[in-house]
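This report refers to the structure that appears directly beneath it.
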Amino acid sequence: MSALRPFPGDFLWGAATSAYQIEGSPLADGAGPSIWHQFAHTPGHVRGGDTGDVACDHYRRMAEDVALMARLGLRAYRFSVSWSRILPQGRGHVNPAGLGFYERLVDALLERDIVPLLTLYHWDLPAALDMYGGWLNPDSPHWFADYAEVLFRALGDRVRLWITINEPWVVAHCGYLQGVHAPGHRNLYQAPMVSIHLLQSHALAVAAFRACCDGRIGIALNLEPQYPATQHPADVAAAQRREAYVNRQYLDPLLLGRYPPELARLFGEAWPRDADARIATARGSLDFLGINYYTRAVVRAEPRSVPERAAPVPPASAPRTAMGWEIHPQGLADVFAELRHRAPTLPLYITENGAAFDDPPAAHGLVDDGARVRYLGDHLRVARAALAAGSDLRGYFVWSLLDNFEWQHGYSRRFGIVHVDFASQRRTPKHSAWFYRDVIHSHGRALDEAGTRGL
Ligand code: FCB
């Protein structure tokens, strides 16, 4: 790829994390338990019985971690707030100590000129609300909007960039249909209800934000382009179905105010007849879109799979990460092209992009994670080309700042640009962290330097 224009001077270069994955101390200072706390503490759910009880101990090492971000030259930091620290019962009584933690975090970031990007919900619903059905409860959008308003009031003067919900598709699919995430349900009829309530929650919170606050608010979607395994019409149709299920289930309501018609066919009687009417308010409810991109899917028809009747089958020879996810930067280019087509003026952020690898051990203060340097470099070059092609891309957040609790995989998957020794809590920036610092410092020119490509 030839040298392109550098990234704009005000491009937001950041790293991302989420509360349950890094904070630890989940019940400290009056916090209530979340569904992830309960899920991880139930045997059989998380590999090796790992929990977020300690995680990266960020709750107690926040100041040190913000100093580290500054050392790495980060201009922005995406984090999530733990709802049950703020409202231990999920609603009603506000816990000032919980709020205080995020106030101190935001102040520490601003002191170092690091722009905060706050995610309101990254999967850790208060367990007290799960007792009432959690996201299945038709009141859940009001619970969420009330919680969001507490944060808008407390931090709206200092935080200008907000994300309502992280990856609603994963919440509904993994949490209520597949059962591999909290709350661990496996119910075809529940996933559509959760989808509707998440979109309603998002739209209500955005309306509340627009009524009270300056700044911009959006949502983060996991976008995974779908390609047919062969040109056989059955596979082509399967890829289209999965595209509707994974990507357009949320994009279409946000952009058009209705669900893709394929969903009613895929879910059959499990799909509520009035679904479109219930999510009509989601249309236009975003000032920007957050894109979480990791991989693509290559799909073949699979009559038995419910609901999408399509199965991802990564090509056997393709390069993969430690998650087994195919490394395919071109998929990100295709996501950008699709969005230029569907929403040409919508501001975009890459709110997550990164990779887990079995890194070599930290030795003499160094971790030589060449595979991650290559992964990030390749995707950043795609981001730069998208800018040149006219996408309104305003920032990039690497997942993740720190090695952390990777949900059902526990601590066995390392996504950090900073290595964490979980026994000592020692942080060691990996080669990728220093590479990223150079990219930031040079506005992307370091991406052209010999060595970053061939590493
Ligand atoms: C995303 C999640 C994030 C992390 C990465 C690897 O789906 O938003 O918390 O687990 O995947």
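None of the figures in this text is laboratory data; all of them are computed from the coordinates on show. What you see is a predicted model, and the numbers here were worked out from it, not measured in a lab. Positions of Cβ are backbone-derived with ideal geometry, glycine not excepted, and every protein chain shown enters the neighbour counts.
The dipole here belongs to the chain: it is taken about the Cα centre, uses +1 on the Cβ of Lys and Arg and -1 on the Cβ of Asp and Glu, and is about 660 debye. Taking a ≥ b ≥ c as the square roots of the eigenvalues of the Cα gyration tensor, an a/c ratio of 1.5 or more together with a/b no larger than b/c marks segment 242-306 as oblate. The Rg/Rh ratio of segment 37-129, with both radii computed over alpha carbons and Rh defined as the Kirkwood radius, is 1.01.
Projected onto its three principal axes, the C-alpha set of segment 193-252 covers 52, 25, 13 Å, listed from the longest axis down. Taking the DSSP beta bridges with both ends in segment 12-448, the antiparallel portion is around 20 percent. Each residue in L87, L366, L68 was given a count of other beta-carbon atoms within 10 angstrom of its own, and listing them fewest first yields L366, L68, L87.
Seen from every direction in turn and averaged, the convex hull around the alpha carbons of segment 302-417 projects onto 9.6 nm². Couplings 3J(HN,Hα) of segment 279-292, computed from phi: 10, 4, 5, 6, 4, x, 7, 7, 8, 7, 10, x, 9, 9 Hz, in residue order, whole Hz [Karplus 6.51 cos²θ - 1.76 cosθ + 1.60, θ = phi - 60°; x for Gly and Pro].
If the chain linking D53 and L27 were pulled fully straight, counting 0.36 nm for each residue of separation and taking away their Cα-Cα distance, it would gain 8.5 nm. Every pair of different Cα atoms in segment 12-448 enters the Kirkwood calculation, which places the hydrodynamic radius at 21.8 Å. In terms of the mean number of neighbouring beta-carbon atoms within 10 Å, the peptides 180-189, 346-355 order highest first as 346-355, 180-189. Take each peptide in 435-441, 310-316, count the other Cβ atoms within 10 Å of every residue, and average; sorted highest first, the result is 435-441, 310-316.
Arrange D139, D287 by Cβ neighbour counts within 10 Å, fewest through most, would you?
Neighbour counts put them in this order, fewest first: D139, D287.
Once backbone amide H atoms are built at 1.01 Å from N, E352 has I291, N292, Y293, F397 as its partners under 5 Å, excluding neighbours fewer than 5 places away on the same chain. Normalised by the number of residues in segment 311-423, the average gap of Cα pairs under 8 Å and 6 or more apart makes the relative contact order 29 percent. Shown in residue order for segment 118-130 are the 3J(HN,Hα) couplings computed by the Karplus curve 6.51 cos²θ - 1.76 cosθ + 1.60 at θ = phi - 60°: 9, 9, 6, 9, 10, 5, 9, 4, x, 4, 4, 7, 5 Hz (x for Gly and Pro). Taking amide H as placed 1.01 Å from N in the peptide plane, the amide H of E406 sits under 5 Å from that of Y411, S412, R413, each at least 5 places away or on another chain.
Taking square-rooted eigenvalues a ≥ b ≥ c of the alpha carbon gyration tensor, is segment 238-351 rounded, prolate or oblate, where a/c under 1.5 means rounded and, failing that, a/b exceeding b/c means prolate? Note, shape of segment 238-351 comes out oblate.
For a protection proxy built on the mean count of beta-carbon atoms within 10 angstrom, sort 160-168, 58-66 highest first, please.
160-168, 58-66
Here the contact order of the chain, divided by its residue count and restricted to Cα pairs under 8 Å and six or more residues apart, works out to 17 percent. Over segment 171-319, what is the percentage of antiparallel beta bridges among all DSSP beta bridges, to the nearest 5? Of the beta bridges lying entirely in segment 171-319, close to 25 percent run antiparallel. Along the axis of the charge dipole computed for the chain (Cβ charges of +1 for Lys and Arg, -1 for Asp and Glu, origin at the Cα centre), the listed residues W83, V246, F357 are led at the positive end by V246.
Taking other C-beta atoms within 10 angstrom as a stand-in for reagent exposure, M323, M131, M69 fall in the order M131, M323, M69, fewest first.
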